[in-house]
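Visitor: Dumping the structure here so I can ask a few things about it.
The values are calculated or read from the model by the stated rules, or taken from the named source; none is laboratory data. Computed from a predicted structure; not experimentally measured. Heads up, the Cβs are rebuilt from the backbone with ideal geometry, glycines too, and the neighbour counts pull from every protein chain shown.
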Amino acid sequence: MKSAQVILFIFFLFSIPLCAQKERDNSAFANVEELYYKAYYKLGFLWIYSGDVYFSASNIKYQNKDVYQFISTGRSLSKYDWLYKVNDRFESLAEKNSYQPILFERNTHERNDFAHNRYLFDYSAKKIYTETENENQSKAYDTIEFVEGTMDVLSAIHYCRNLDYAKMEPDEKIPLKMVINNRIYELFIHYLGIENIKNREKQEYNCYKFSIRLVEGTIFKGGEELIVWLSKDDLRRPLLVSSKVMIGSVKAYLWQE
């Protein structure tokens, strides 16, 4: 199971121009933050703990500017490597005030497949310069037209946590744009309101709940919806995500130390 991609596809969220009116004044995460998730795969009646996912946010200098550095890694548990080995890493640099992506890099190794993507965002030229390599293609370079509001996966994850859900109405739908595999997709988020959930340790949390339409791929059917629960507090931590996949279902829980 592609545990890292499951977590990342969960957070394909808002584009800045269409949602800026709902942005809060304060940041939903500290200047340095680390979050750990345990991914579970359901086959039949069994939920199997199958992998770990890690997110971090920090401040760094890039070209003499203070920027956010977002990193996520995902690994399958070694005892399941024979079935589907995963070793993935994603990194993004983003503007501090707008969360606009500056540079995004993906390196994924899943079973016998690997993929490398690198996106450099040039806002003055309205271009995204890409570098792509995988098991079927040697390293190639391309340029795609930048569409206003387009984000990479990690910058969108953290931007969405800084939105003011208290001002949204249940059943509200908000469009977003996301660059995935050298293509810009137009998706949307469906806000579902407030709901109480319990984690694996039976602790109860009050959450903002929404669903996202997923991009068709190797584990998702096109149009499948993934459900996300964010903590209803200043941190807006993603506590639980859940979705059906082509075979079975997946869930990921924030791990409490």
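Visitor: May I ask you to list the residues in the range 128-154 that are surrounded by 16 or more Cβ atoms within 10 Å (Cβ to Cβ), of a type in the set (S, T, N, Q) and without any contact (Cβ under 8 Å) to a residue 60 or more places away in the chain?
Guide: Scanning the range 128-154 gives THR130, THR132.
Residue-wise test of (1) under 17 Å from THR150 (Cβ atoms); (2) more than 14 Å from the chain's Cα centre (by Cα); (3) modelled with pLDDT of 90 or more.
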| residue | (1), (2), (3) |
| --- | --- |
| LYS2 | no, no, no |
| GLU34 | no, yes, no |
| LEU43 | no, yes, no |
| ILE48 | no, yes, no |
| PHE55 | no, no, no |
| LYS61 | no, yes, yes |
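Visitor: I'd like to know if the range 201-213 contains one or more residues that are modelled with pLDDT under 80 and either in contact with a Gly (Cβ under 9 Å, 6 or more places away or on another chain) or more than 20 Å from TYR165 (Cβ to Cβ) (or both). Explain how you work it out, then say what you get.
Guide: Let us first name the residues in the range 201-213 that are modelled with pLDDT under 80, namely 212-213.
So of that shortlist, the ones also either in contact with a Gly (Cβ under 9 Å, 6 or more places away or on another chain) or more than 20 Å from TYR165 (Cβ to Cβ) (or both) come out as 213.
Yes, the conditions are met somewhere in the range 201-213.
Visitor: Could we say that ASN87 is out of contact with any Phe, Trp or Tyr (no Cβ under 6 Å at 6 or more places or on another chain), surrounded by 15 or more Cβ atoms within 10 Å (Cβ to Cβ), at pLDDT below 90 and over 22 Å from ALA156 (Cβ atoms) here?
Guide: Details: out of contact with any Phe, Trp or Tyr (no Cβ under 6 Å at 6 or more places or on another chain): yes; surrounded by 15 or more Cβ atoms within 10 Å (Cβ to Cβ): yes; at pLDDT below 90: yes; over 22 Å from ALA156 (Cβ atoms): yes.
Answer is yes for this residue.
Visitor: Out of all the residues in the range 69-102, which are in a strand (DSSP E or B), within 17 Å of ARG118 (Cα to Cα), touching a helix residue (DSSP H, G or I) at 6+ places or on another chain (Cβ under 9 Å) and not charged (D, E, K, R)?
Guide: PHE70, ILE71, SER72, THR73, PHE90, SER92, LEU93, ALA94, PRO101, ILE102
Visitor: Look through the range 90-127, keep the residues that are farther than 19 Å from TYR54 by Cβ, under 18 Å from the mean Cα position of the chain (by Cα) and among the aromatic types (Phe, Trp, Tyr), and return whichever of them is modelled with the lowest pLDDT.
Guide: So the residue we want is TYR99.
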